[in-house]
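Undergrad: First the structure, then my questions, so here it is.
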């Protein structure tokens, strides 16, 4: 993350995103494929590391999206499609936080800190039982478990700066994921 000063002198927190150019590898149509989409690839991969099915598409990352405008096969998409002030949505896999309890994972308040409480301050409390579900735990019951590592989308972020020379975007606020995570920026 970084800070950007605007023309009025106000400071804005931002995240620097390296946006490598993408190449259109396939255009799917309703007639041929049953749906319309554009397949793009980014970051070249060595030919020696490709298997037979991947030959001809030497990209490390491949993805599909439904385009607003028709892109042709072989077209290049780079950071020039964004301008300063654009409102974007950013999706990525969030940081994994390991096995967490209910207070951190679901925001439970825990038990009282007085009146004889010893080891139950952060315990979940009752989970039902008895007549509620026939003595079983209800599906979807919020309990302790692994937290993070989910696909998260943050909406309504602004593009603060576009640097075409270095293929970078500076997006306002925090973006999901750890440094080096593959993120999807949609306008």
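Please treat every number below as a calculation from the coordinates, not as lab data. Every value quoted in this text rests on a predicted model; they were computed, and no experiment measured them. Cβ sites come from the backbone with ideal geometry, for glycine too, and all protein chains shown count toward neighbours.
Undergrad: Which label marks the calculated value of mean projected area of the Cα convex hull in nm², given the options (i) 9.8; (ii) 19.2; (iii) 10.6?
TA: Label (ii) holds the value from this structure.
Undergrad: Would you mind pulling out the separation of the Cα centroids of region 1-78 and region 101-116, in Å?
TA: 44 Å
Undergrad: Using the 10 angstrom Cβ neighbour count as an exposure proxy, how do 155, 139 rank, fewest first?
TA: By the 10 Å Cβ count, ascending: 139, 155.
Undergrad: Moving to a separate point now. Take region 69-151, compute every pairwise Cα distance, and split them into 10 Å bins from 0; I just need the percent in each bin.
TA: Per 10 Å bin, starting at 0, the Cα pair percentages come out as 13, 24, 24, 13, 13, 11, 2, 0.
Undergrad: Relative contact order for the chain: what is it in percent, counting Cα pairs under 8 Å that are at least 6 residues apart?
TA: Relative CO of the chain lands at 28 percent.
Undergrad: For the chain, what is the mean residue ellipticity at 222 nm derived from helices alone (per DSSP H run of n ≥ 4: -39500 (n - 2.57); sum divided by total residues; nearest 500 deg cm²/dmol)?
TA: Rounded to the nearest 500, it is -1000 deg cm²/dmol.
Undergrad: Largest first and to the nearest Å, give the Cα extent of region 38-116 along each principal axis.
TA: Ordered largest first, region 38-116 gives principal extents of 70, 39, 20 Å.
Undergrad: Restricting everything to alpha-carbon atoms, can you work out Rg to Rh for region 118-187 with a Kirkwood hydrodynamic radius?
TA: 1.25
Undergrad: Can I ask one more? Highest mean first, what order results for 43-52, 173-182 on Cβ atoms within 10 Å?
TA: 173-182, 43-52
Undergrad: When only Cα pairs under 8 Å and 6 or more residues apart are kept, what is the percent relative contact order across region 16-84?
TA: 39 percent
Undergrad: Okay, next question. Tell me, what is the percent relative contact order of region 115-187, built from C-alpha pairs under 8 Å that lie six or more residues apart?
TA: Dividing the mean separation by the residue count of region 115-187 yields 16 percent.
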